Amino acid sequence: MTVVYLSPRGVVVCEDDKVLEVRKITDDPAEAAKKWESGESRKIAEELAGKYNASIYDGPAPLEILIKSGLFKDEEEYKEFIQKFGFEMTKIRIKKSYTPDKMIIQAAMFIEDLNEIINRIYERLCEWYGIYFPEFVEEVDNMKKFFEIVSEAKDRKEAAKLAGIKDREIGYDFGEEDIEVVREIAKIGKNLLELKQRVTEYIRKLMSENYPNLTAIAGPIIGAKLLTLAGGIENLATLPASTIQVLGAEKALFRHLTKGTKPPKHGVLFQHPMVNTLPKSLRGRMARTLAAKIAIAAKVDYFSKGKEKIYEKLKKELDERYKELKEEVRGGKK
Amino acid sequence: MKLKPLDIPNTYWLFDGKKKILVTKNLVPGQRVYGEKLYKIKGVEYRQWIPYRSKLAAAIYKKISKVPLKEGYRVLYLGIASGTTASHVSDIIGEEGIIYGVDIAPRVIRDLLFVCIDRKNIVPILADANKIEDYSNIVPKVDFVYQDIAAPHQVEIFIKNVNHFLKEGKYGMIAIKARSIDVTKDPAVVFREAEKKLAEYFEIVDKKRLEPYEKDHIMILIKK
C-alpha cells in the first residue's frame, strides 16, 4: 500500500517499508508555518498522492519514517523543529484572528472606565473647590462648564465673572499654591471629557465602517455595547434575538433562570430611543422587535464582512412597528 | 524546609514549619509563570503549585488516586490557556517530554507564547479542540490527555480527542465544570450524566470533587 505522509518539514511517499520519494518543504520553522497555513504544504502532498495514486495519511507522519527519509536526523531535532513550528504557526493564526470588533470593544470598555474616573474627579473637585467657592459649586451644575471655568480662572473673582454668579465670600481664602493645584486637576477633568469625545468618535467611525447595518439599527454606541456584551461580532451574529433582547440584564436574567422571578424585558436595548420613549407596558414588545432586527443586521454585517447594506428595509419595518405601538398609546391604553 | 517526593516525577510536598506546600522542580530556574513563589533548597529551585489556580493541583490536594505522568511523556493538553497548569506538567515530564497545548482563544494563547520561549517542551497550537482535523497532522499518539475546557459539549470533545490521540491502555483526565454544561441543573446530576457518557467508552478509574479549591468542578480520571 502506498501512503503519503505530510509533515510541516516535508512530504514522504512510502510503500510499506520502502521510501519512494521525499519532497522537502523547508528547514526553517517560520517558513514551514507560512506554507502550512497557506495550504501550500497540503497541495504538495495532494500532488504526490495523485502521482502515486496513494492516499494521504490522516495523522502526523511517524517519526521512524521522517528519520528514514532524511528529513530529520533524530527525535531531538524533530521535537525542536515541531516546537518552533507550533510557535510560528500560532503567531500566524493569532494575527489571522484579528477583527475590528476587538478594538471597538476595548474602546467601549474604556468609555465605561472614563465615566467612572471623570465622575470621581468631579465629585472630589466639588468638595475641594467648595471649600474655596461654595456658591460656585452650588450654582454651576454642568460638569463641562465646571471644569472649564475652574481650570481657567486664576481666582474666585474671575470664576464668578466667567460663571456669571455672585461671590458672597462664604468660602475660605485659598493661597496661590492651593488654587494652582485645583486648577491642574480641573484641567485634567476637562481633558478627560475631550478624550471621551474623541474615543466616542473613534467608536462611531469604526462601527459605521465595519458594521454598517448594526450601526444603522442599534446606533453606534448601543451597537458597540452589544458587541462588548456578546464578545464580538461573530458571537453577536450567532446569538438568538431573544438573548440580544436581554444582553446587559444578566443579573435579572439568571435570577429568573435559577430562582423563577420575572424575566427582564430588555438590557442595554432600554437605552434605545425607540424603547425608552414608549410607556412601560409596551417596551417589552418594542425591545423584542428591535432585537430581532439587530440579529439580522449583525448576521449580514458578519457574513458579508460589512459589504452588504440591508438596513433600509430593516429600518422601515422597525419604524412601522414603532408607529404601530405609538398608536396604541393614543388609542386610550390604560 | 523539608521535601517529601510524591508518586509523580519532580513533584514534592514542601514542609515550611507548619505549612505544607505542593511544589514542582523548576525546569527553567528563575522563570516565574504566573506569580507563584519560588523556593531554593540545596541549590535546586522549586515552584509553588497553587490548588486555587490549577485544577490539577487541586486534584492532587484532594488525593486523586493517580496522576499518570512520567518523565519523557507525550501529553495532549486541551484548553492550555496561558499555561498556568501546563507549566507544572512541563516541569514533571522534563526536557525529554513534550506537551501539545491546544486552545481556541487567541488572547490567552498569546500569553502562552511567552512561556514557550523559555520552555521548549510546550508546542502552542491555536485551534478548536472540537475540530481535530485542524491539528491531527501535527499531534501524534500521546501518553496522556488532559482537558480543562469550559464549554457545554466539553465531554464530547474529550471523548473525541481521547479516541483519536490517546495510546491504548493509557490515561486521560478531564476537569468538568457543571455550570458550563448546564447552569440550571444540579451539579451532581450534571456530573452523573457526564460520568455515564465517559463510561460508555472508557474505564472510570477515579473521580474527585475539587471543593474548596473550585466550586462545582469534578476531576475524572479514565483509562482507555
Would you mind finding the one in A:290, A:282, A:278 that is touching a residue at least 40 places away in the same chain (Cβ under 8 Å), assigned to a loop (DSSP other than H, G, I, E, B), open to solvent by less than 30 Å² (accessible area, probe 1.4 Å) and closer than 30 Å to residue A:331 by Cα? A:278
Counting only residues in region B:123-148 that are over 18 Å from residue A:58 (Cβ atoms) and in contact (Cβ under 8 Å) with a residue 40 or more places away in the chain, the one nearest to the other protein chains (Cβ to nearest Cβ) is identified as B:124
Read through the list (1) within 34 Å of the chain's Cα centre (by Cα); (2) within 13 Å of chain B (Cβ to nearest Cβ), then give the number of the only condition that residue A:100 fails. (2)
Expected single match for within 23 Å of residue A:83 (Cα to Cα), open to solvent by less than 60 Å² (accessible area, probe 1.4 Å) and of a type outside the set (Ser, Thr, Tyr) among A:49, A:33, A:54 is A:33
Positions within region B:196-205 being under 21 Å from residue B:58 (Cα atoms) and out of contact with any helix residue (DSSP H, G or I) (no Cβ under 9 Å at 6 or more places or on another chain), in sequence order: B:205
All but one of (1) more than 9 Å from chain B (Cβ to nearest Cβ); (2) open to solvent by less than 40 Å² (accessible area, probe 1.4 Å) hold for residue A:90; state the number of the condition that does not hold. (1)
Options B:118, B:103: the member that is more than 21 Å from residue A:42 (Cα to Cα) and away from chain A (no Cβ under 11 Å): B:118
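Here's the yes/no breakdown for (1) more than 14 Å from every other protein chain (Cβ to nearest Cβ); (2) assigned to a helix (DSSP H, G or I); (3) more than 29 Å from residue B:123 (Cα to Cα):
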{"site": "B:150", "(1), (2), (3)": "no, no, no"}
{"site": "B:155", "(1), (2), (3)": "yes, yes, no"}
{"site": "B:164", "(1), (2), (3)": "no, yes, no"}
{"site": "B:179", "(1), (2), (3)": "no, yes, yes"}
{"site": "B:189", "(1), (2), (3)": "yes, yes, yes"}
{"site": "B:196", "(1), (2), (3)": "yes, yes, yes"}
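The rows are residues; the columns are (1) under 30 Å from residue A:169 (Cα atoms); (2) in contact (Cβ under 8 Å) with a residue 12 or more places away in the chain; (3) more than 26 Å from the chain's Cα centre (by Cα).
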site: A:80; (1), (2), (3): no, no, yes
site: A:84; (1), (2), (3): no, yes, yes
site: A:91; (1), (2), (3): no, yes, no
site: A:112; (1), (2), (3): no, no, no
site: A:115; (1), (2), (3): no, yes, no
site: A:120; (1), (2), (3): yes, no, no
site: A:140; (1), (2), (3): yes, yes, yes
site: A:155; (1), (2), (3): yes, yes, yes
Being in a loop (DSSP other than H, G, I, E, B), in contact with a Phe, Trp or Tyr (Cβ under 8 Å, 6 or more places away or on another chain) and either within 30 Å of residue A:89 (Cβ to Cβ) or among the charged types (D, E, K, R) (or both) narrows it down to one of B:4, B:66, B:20, so name that one. B:66
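The values are calculated or read from the model by the stated rules, or taken from the named source; none is laboratory data. On a predicted model such as this, the values are computed, not experimentally measured, just so you know. Ideal geometry is used to build each Cβ from the backbone, glycine not excepted, and the neighbour counts take in all protein chains shown. Heads up: the accessible areas ignore ligands, DNA and RNA and are worked out on the full protein's heavy atoms, side chains in. Shrake-Rupley method; radii C 1.70, N 1.55, O 1.52, S 1.80 Å.
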